[in-house]
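Everything on this sheet refers to the single structure shown next.
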Amino acid sequence: MEIDLSNSLTPQEIETKIINTPYPDSGSTDTAQGIDMAIYELLMNKKINIPQTFVVLTDGDSNDPSATVLAAERANRGVIRTFAV
């Protein structure tokens, strides 16, 4: 899920979007793919003098922990500030 914070959503609307996000029936969590998608989006839409930041909301149970670590390292190399919740 992506929430464009440059729009006019209220904090309550953002919270509602997060709460209503469907969870995949497969039960798997491809955290690495999510991180890589965030990196791609940030780099493709980079703004001058605006910090590159994203938040990973996860259940903490990646289906491939080593790939998740590598994706997080790629984000750090790209000077992207990352927060995991």
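Taken over region 57-79, the criterion of being at pLDDT 85 or above and among the hydrophobic types (A, V, I, L, M, F, W, C) is satisfied by Ala67, Val69, Leu70, Ala71, Ala72, Ala75. Reported count of residues in region 37-75, each being out of contact with any Ser or Thr (no Cβ under 7 Å at 6 or more places or on another chain) and polar (S, T, N, Q), is 5.
Selection over region 17-48 of residues that are at pLDDT 85 or above and either under 9 Å from the mean Cα position of the chain (by Cα) or on the phi > 0 side of the Ramachandran plot (or both) gives a count of 7. What number of residues within region 34-52 satisfy the criterion of being assigned to a loop (DSSP other than H, G, I, E, B) and exposed (fewer than 12 other Cβ atoms within 10 Å of the Cβ)? Number satisfying all stated conditions: 7.
No other residue among Val55, Val79 is outside any helix (DSSP H, G or I) and in contact with a strand residue (DSSP E or B) (Cβ under 7 Å, 6 or more places away or on another chain) apart from Val55. For region 58-82, taking the residues that are of a type in the set (S, T, N, Q) and farther than 10 Å from Ile35 by Cα, the one that is surrounded by the fewest Cβ atoms within 10 Å (Cβ to Cβ) is identified as Ser66.
The values are calculated or read from the model by the stated rules, or taken from the named source; none is laboratory data. Here the structure is a predicted model, which is why all the values come from computation and not from measurement. No Cβ is skipped: glycine too gets one built from the backbone with ideal geometry, and neighbour counts run over all protein chains shown.
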